[in-house]
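What follows is a set of notes on a single structure, which appears directly below.
Where a number appears in this text, it was derived from the coordinates with a stated rule and is not lab data. Here the structure is a predicted model, which means the values were calculated and not measured. All Cβ positions, even for glycine, are placed from backbone atoms using ideal geometry, and neighbour counts span all protein chains on display.
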Amino acid sequence: MNGRAPTHSMERKAEMKLWRMLLPWVALFCAAPHAIHGAVDADMRRQKKLIATGWDKADTERLFQNLDQMEQRPFDGVVIDCEGRIDAEKRCPMRAAFKKDEWRREWFQACVDRMRACRFRRFTDNFITVGANPGNVDWFDDEGWKQIVAHWRIAAWVAKQGGFKGILFDPEPYSKPHMQFAYSAQPGKEAHDFNAHHAKARERGRQVIAAIAAEYPDITLFCYFLNISCATATGQADPRALLSALGYGLLPPFVDGWLDAMPPTMTVVDGCEHAYMYNSAVQYLESALKIKGACQELVSPENRAKYRSQVQVGFGIYLDAYSNPEGSKYFMKTNLPSRLHQLRANLSAALRSADEYVWVYGEKFRWWPTPNKRVNEQTWPEALPGCEKALRFARDPLDYGRQCIAEKTRAGQLVNLARNGDFASDMSPAPAPEGAVERWKQGGCPAGWHVWQAAESKGAFTWDREHGAAGKGSARISGVAEGCLIQSYDVKAGERFAVGAALKLEGKGDGRIRVRWQTADGHWTHEIQDKLIPPNGPRGQWSDLFGVVEIPEDVGKLVLLLGAAGQTSAEDLAWYDDVRVYKLE
């Protein structure tokens, strides 16, 4: 295990050291079989999703025309624009909702029809855009706000009737006359102080959400940012003293009004646009804590339980920062081998810290056809080679691993690094990491593998020459209370590997793969990033175990453990076969 040819005693010491590190795993193995394998009513994983938005944003017509091409990209949904048709010449963009003009539902019927005509195979979470422009309605203008509320209600109706997940709200002001959520820009500030504006914004929020709920009670309101934009006002007995000077100081009371009237079926996402230049896992975690924790202070105490349960954490990824030339305002620095590596790391960190959504925003390049002349003809994969694979890996490592394996198989480049992984030989392939060929000994564990079991465990690890998943040969484990087969591989930080095996269980006990990490000189590290891979099939049949891992920083060895636990007699059996360790890139 540490670079020298192992003797029995040296091997035993190394294995004992290994298993002293595995106590948390042992606890899992010792659980009763019915507790581990009990059926659940639904997939218990927290599903994470990538949403595409940016300057190449489609409208309903281009969505319908290009859907097949768009769904080939690694996203779970898109943000689109809806444009109502007033007459043959005039149009009504839905994103211009903060205005006094009266809208009619029939103007948007063509948008609904095109949305319904889309036959989505991949995009499950799509959103229509509502923006805060032009923002020319005073908070105290009842007639003006009557129209804004009606606009939101029409937007909710379009989303519901079109089969979309909900509305994407962009609070940012892009055009004059004033910023809707900045007190300093309000035309009525001479007549009404900030406290009055704060109370009125909450009232308007109630009106808006009541209208939305009447049309679409289980809608998701996905917002580029919400209270995180005013996080600097937290930590005060009365945050209003600071909110009055902030550019989005009236946004938290507007959200507070949402919470006043929000049914329990509705979800709100604070998309944290501030994350554009985040460059470490800690930054994502800190912002997630702010959104779920400190930012509660910006809503009323009676709404905080609802805030905690219905407001999600999301993050924005700004692709241009990874393609812009050095010296640009938005240039992503990195200590990794490339900015592409940093993109992959940041995407993964964002998805880990988000409740559900991470949105990917791009400006200079495109994912699909767009008439926007500000967008270059190049696609993002052309402008930033490897970015699409980075998104695929971050979004779904297992799917990414299977695609890479299929590609390498077609190209004849797939190499299995597992030594005697099919358990067909009495001799491990040379050279072994320890520098010596390892031969099987009668009654011993399969060639090329090391074994550990706890002192109180009296089971057997043997080579079964006749029994296997696809042919003859497998590892056989019986009567083991706690133990595993071990093999290690030299790796480098940032590399990605797929690992897998076939497992069959009979009698009592359980088995699973565990992937652990060592430094190049054999010291254990990054225990919190251990990877557990359980079986996915019924007992008594061969089940496939498959997982994908990325090598953490400062790691030099991937250690593969084929484990068994909870066996009480020689009739309790676990067989392992078809062990695979593939380097994906």
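Couple of notes before you dig in:
- Label-to-label distance, nm, for residues given as Arg402 and Ala185 (7 Å Cα→Cβ offset): 4.7 nm
- Zone of Ser425's modelled label, taken as backbone nitrogen in the range 546-585 under 19 Å from a point 7 Å along Cα→Cβ: 560, 576-583
- Estimated [θ] at 222 nm from DSSP helical runs (n ≥ 4, -39500 (n - 2.57)) normalised by residues in the chain, nearest 500: -8500 deg cm²/dmol
- Rounded to whole numbers, the Karplus 3J(HN,Hα) couplings from phi for the range 175-190 are 8, 6, x, 8, 7, 4, 10, 9, 4, 4, 9, 6, x, x, 5, 6 Hz, using 6.51 cos²θ - 1.76 cosθ + 1.60 with θ = phi - 60°, and x at Gly and Pro.
- Gain on full extension, evaluated as 0.36 nm per residue between Asn195 and Gln378 minus their Cα-Cα distance, stands at 60.9 nm.
- For the range 452-585: span of alpha carbons on each principal axis (Å, largest first): 42, 33, 23
- For the range 77-102 and the range 326-349, distance of Cα centres in Å: 36 Å
- Taking Thr409, Thr53, Thr379, Thr220 and counting other C-beta atoms within 10 Å, the order from fewest to most: Thr409, Thr379, Thr220, Thr53
- In the range 65-178, Rg over Rh equals 1.00, where Rg is the alpha-carbon radius of gyration and Rh the Kirkwood radius from pairwise Cα distances.
- Where only C-alpha atoms are counted, convex hull volume of the range 190-341 per residue in Å³: 141 Å³
- Calculated FRET value between Asn335 and Phe546, using beta carbons and R₀ = 45 Å, to 0.05: 0.90
- Distance between the range 443-494 and the range 537-577 - C-alpha centres, whole angstrom: 9 Å
- With 10 Å bins from 0: P(r) over the chain, alpha-carbon pairs, percent: 3, 15, 22, 20, 16, 12, 8, 3, 1, 0
- Sequence-separation-based contact order of the range 190-261, relative, with Cα cut under 8 Å and 6+ spacing, percent: 55 percent
- In the chain, Cα pairs under 8 Å separated by at least six residues give a relative contact order of 12 percent.
- √(5λ) per eigenvalue of the Cα gyration tensor, the range 238-317, largest first, Å: 21, 17, 11
- According to the Cα-based calculation, Rg over Rh for the range 294-424 is 1.11, with Rh computed by the Kirkwood formula.
- Under Stokes-Einstein, with the Kirkwood radius over Cα pairs as Rh, the value for the range 513-585 at 25 °C and 0.890 mPa s is 173 µm²/s.
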